[in-house]
Amino acid sequence: MGAVEFPSLKPNRVSHQVADQIRKMIVLEGKLKPGDKLPSERELSKIIGVGRLSLREGLRILESSGMLQTRYGVHSGTYVSNIGLDHLTEKFSDILRLSDITIGQFTEARLEIGLINLKYFMERAGEEDVQRLEACVREIEYQLKSGLQTREENIHFHQLIADGAKNPVFILLHHALLDIWRNFLSKFESPPEHSKKVLVRKKKILKYIKEKNYKGASLAMENLILYSGHRIESLIEKTRR
């Protein structure tokens, strides 16, 4: 990696400015990429024009966010992390959980992202992606007939559609929403009659996908997500009485 130029920073809130400058080079400018090793603390201090203590605090801010990692041993040093989707999803999920979001707003967002994923799934998914959806529906049907809980497999159905859309940004957003949805659902029982209604709707979505009928699939998806959202709203309302 060639030499990276770091502009000098003002003394006010230096550690945060250090973090912001390095974050900018990673995210916006691409001067530092996943796997790159940062210069030594001594060299960085001279390049940026800050003391070692402020520099360490700035690096610690980025390390705690998962953007940097410290390695020890033969290849010791500070490196730019290769932030995985799971890590980003967890961060985004935490942000949403801590926000004042209603079930109605959540359902609205889930519907829009779900329809986008469905659109791109039908444009980009291969035969293997469709086969995974078919296998998922068969598993839901088997679990339902066996008296087993179908919640995780129902969530998996939507994850498969997001994955088949083949856009990592939509995957991130959708998986984060599904993680929160899982948290909502865990607070309530899922009676067989509800699971049967969900299965019927999923079968319709799969049918229209196989027929390459986006209009039919999108209407079935909308019906499913709105049905699930209204059900959770009604269950929450009952707990308040």
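Report relative contact order for the stretch 86-240 in percent, whole number only (criteria: Cα-Cα under 8 Å, sequence separation at least 6).
Numbers: 139 pairs, mean separation 51.2, N = 155.
Dividing the mean separation by the residue count of the stretch 86-240 yields 33 percent.
Cross-link candidates for residue 202: which lysines have Cα within less than 28 Å, leaving aside residues fewer than 8 places away along the same chain?
Candidates past the 8-residue exclusion: 119, 145, 166, 187, 210, 212, 215, 238.
Please report Rg (one decimal) and Dmax (integer) in Å for the Cα set of the stretch 14-80.
Over the stretch 14-80's Cα set, Rg and Dmax evaluate to 11.0, 31 Å.
Alpha carbon centre of the stretch 161-186 versus the stretch 34-83: separation in Å?
So the two Cα centres are separated by 32 Å.
Starting with the highest mean, order 224-233, 35-44 by the number of other Cβ atoms within 10 Å, averaged over the residues of each peptide.
Final packing ranking: 224-233, 35-44.
None of the figures in this text is laboratory data; all of them are computed from the coordinates on show. Only a predicted model underlies this, so the values are computations on that prediction, with no experimental measurement involved. Neighbour counts run over all protein chains shown; Cβ positions are idealised from the backbone, glycine included.
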